[in-house]
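The values are calculated or read from the model by the stated rules, or taken from the named source; none is laboratory data. This is a predicted model, so every value here is computed, not measured. Positions of Cβ are backbone-derived with ideal geometry, glycine not excepted, and every protein chain shown enters the neighbour counts. Calculation scope for accessible area: heavy atoms of the full protein, side chains included, ligands and nucleic acids excluded. Shrake-Rupley method; radii C 1.70, N 1.55, O 1.52, S 1.80 Å.
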Amino acid sequence: MWKNLFIICVLLLQVCACNNDIEKKKALMSYLNDYSDVVGHRINTRDSLSLYYTPNGVAGHKGAYKIVSFINTSCGTCIRKMDEWNKFLSEEKMDVKEIIFVAQGKPDTYFREFIDSTKPAFYIYLDTSGYYLLNRHLDRYVQGTFLLDENDKVVMIGDPVSNETIYSFYNTIIHDKVMSE
């Protein structure tokens, strides 16, 4: 009898977990529906951008996913965002091997000093002309953060560092391979 009760409990837990996963995936798909203009769009950071900073002097990792975040070099809030990412990555909360920041504009003294003093754990590319997003019809995402698949296509938009829901969506995509279904 205990064995049957145990089996029933395990089955109930699995059903609840499946329902939770289904609800999570529905919420994710609903969220992504609002960004249908960008999901599937290709963002190739090696195209017309110059590499400004490489963490630990190492070349890029190839992995299933990467995160690209766009900032402005003269924006103090954006530079603090890089600091938040450093703390986030030091806690190893995200199973992504390549994090890239694209800094739009020319690096000013504050930007350069921040990079020199913090030694970020991510790559920084420069878009000194400010045309990278504009030329790709992504100019409304001037300070956007994107999760890209292995083909550099957008599968998620939003900042997982400052938003628990977005963080949960990122993990759902990365661990459950939702977008490949």
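Points to keep in mind about this one:
- Total residues in the stretch 140-151 satisfying the condition of being part of a strand (DSSP E or B) and within 19 Å of Cys75 (Cβ to Cβ): the figure is 2.
So that you can scan it fast, the table gives a plain yes or no per residue for (1) in contact with a Lys or Arg (Cβ under 9 Å, 6 or more places away or on another chain); (2) modelled with pLDDT under 90; (3) assigned to a loop (DSSP other than H, G, I, E, B):
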| site | (1), (2), (3) |
| --- | --- |
| Ser74 | yes, yes, yes |
| Ile79 | no, yes, no |
| Glu92 | no, yes, yes |
| Ala103 | no, no, no |
| Arg112 | no, no, no |
| Ile115 | no, no, no |
| Pro120 | no, no, yes |
| Tyr125 | yes, no, no |
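- Scanning the stretch 45-71 for residues that are assigned to a helix (DSSP H, G or I) and open to solvent by 30 Å² or more (accessible area, probe 1.4 Å), we see that the one that is modelled with the lowest pLDDT is Gly57.
- Residue-level check: of (1) charged (D, E, K, R); (2) modelled with pLDDT of 90 or more; (3) open to solvent by 70 Å² or more (accessible area, probe 1.4 Å), Asp149 misses just (3).
- Subset of the stretch 152-181 (residues that are in contact (Cβ under 8 Å) with a residue 12 or more places away in the chain, part of a helix (DSSP H, G or I) and buried (at least 17 other Cβ atoms within 10 Å of the Cβ)): Tyr167, Phe169, Tyr170, Thr172, Ile173, Ile174, Val178, Met179
Residues are listed down the side, and each one gets a yes or a no for (1) farther than 24 Å from Leu32 by Cα; (2) of a type outside the set (Val, Ile, Thr); (3) open to solvent by 10 Å² or more (accessible area, probe 1.4 Å):
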site	(1), (2), (3)
Thr73	yes, no, no
Arg80	yes, yes, yes
Val102	no, no, no
Ser117	yes, yes, yes
Tyr131	yes, yes, yes
Arg136	no, yes, yes
